[in-house]
């Protein structure tokens, strides 16, 4: 999680998966974005709001990664199996980890 394979940055699929992740994480509250936008003043600083949203999104995604992978390690330890046998990869990982 904290030691990326930089050679993977050359692969197109990595960039596609990253874009999908961003759309999921920011788009989850899309209705909220529209509701808040309707209350904006005409001269609202949209650039500031965009930067704040981006920073908060990055922080929560990074923190969620710590929580999920810490718990995967704990599940691996308790079950006595390798961490790759605990859960599969992909977007469904969070739905396997949090219910436990």
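What to note about this one:
- Annotation for residue 3 and residue 84: the two label points, set 7 Å from Cα along the Cα-Cβ direction, are 1.5 nm apart.
- Here 32, 26 are placed in order of increasing Cβ neighbour count within 10 Å, fewest first, which gives 32, 26.
- Surface/4 of the Cα convex hull for the range 13-97, nm²: 7.0 nm²
- Relative contact order %, the range 13-97, counting alpha carbon pairs below 8 Å whose residues are six or more apart: 19 percent
Just so you know, all these numbers are worked out from the coordinates, no wet-lab data involved. Worth saying up front: this structure is predicted, and the values here are computed from it rather than measured. Don't worry about glycine lacking a Cβ; one is built from the backbone with ideal geometry, like all the others, and counts go over all protein chains shown.
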